[in-house]
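Only the coordinates and a few stated rules stand behind these numbers; no lab work does. Treat the numbers as computed from the prediction; the structure is a model and nothing was measured. Here the Cβ is made from the backbone with ideal geometry for all residues, glycine too, and neighbour counts use every protein chain on show.
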Amino acid sequence: MPSAPRLAYVERIATYEFRMNQRYAKRRTEAAVPSLPDHIARSIVSAPYAHLVVRAEADRLQVLPEIASLHTRRELLTLEGVGPATVRRLEAWLAHHGRRLRNPSESLDTVICNFSFHAHQARRRRAARGFARAHR
């Protein structure tokens, strides 16, 4: 039979390994939220279809997924600084937000009609606009 100090050491090691496995399992199960780099967001905000969703440039970041979903893959590839890897990253980001890129066979009006803007988004945009006016 092992000595008491040896058992205490083995128990500490087992406890440590159990905790590390729990941390690893937790990290592994947490869904990673895809991020969108700033240069992609700037490209989309200034893209040709952005004015169809929101006229004011200050409000465009609030509806960035909707603006991005108006573009096809081919149209995005024509933007400066956007390549195939960037488009894949954008597609993952859109999927996280419940959107997708427009198919070439879809018309713009069909995609726009499927947008659903919630009242809280409109209130947030109005509040941000009022804040910007107050601090000019």
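Annotations for the structure displayed:
- Most to least packed among 38-46, 79-87 [average Cβ atoms within 10 Å]: 38-46, 79-87
- Anisotropy class of segment 38-114 from Cα gyration tensor, a/c 1.5 cut: rounded
- Note, ³J(HN,Hα) from phi for segment 45-51, Karplus 6.51, -1.76, 1.60, rounded to Hz, x at Gly and Pro: 5, 9, 5, x, 8, 4, 5
- Phi angles of segment 54-69 translate, via the Karplus equation with coefficients 6.51, -1.76, 1.60 and θ = phi - 60°, into HN-Hα couplings of 9, 6, 6, 5, 5, 8, 5, 5, 5, 10, 4, x, 5, 5, 5, 6 Hz per residue; Gly and Pro are given as x.
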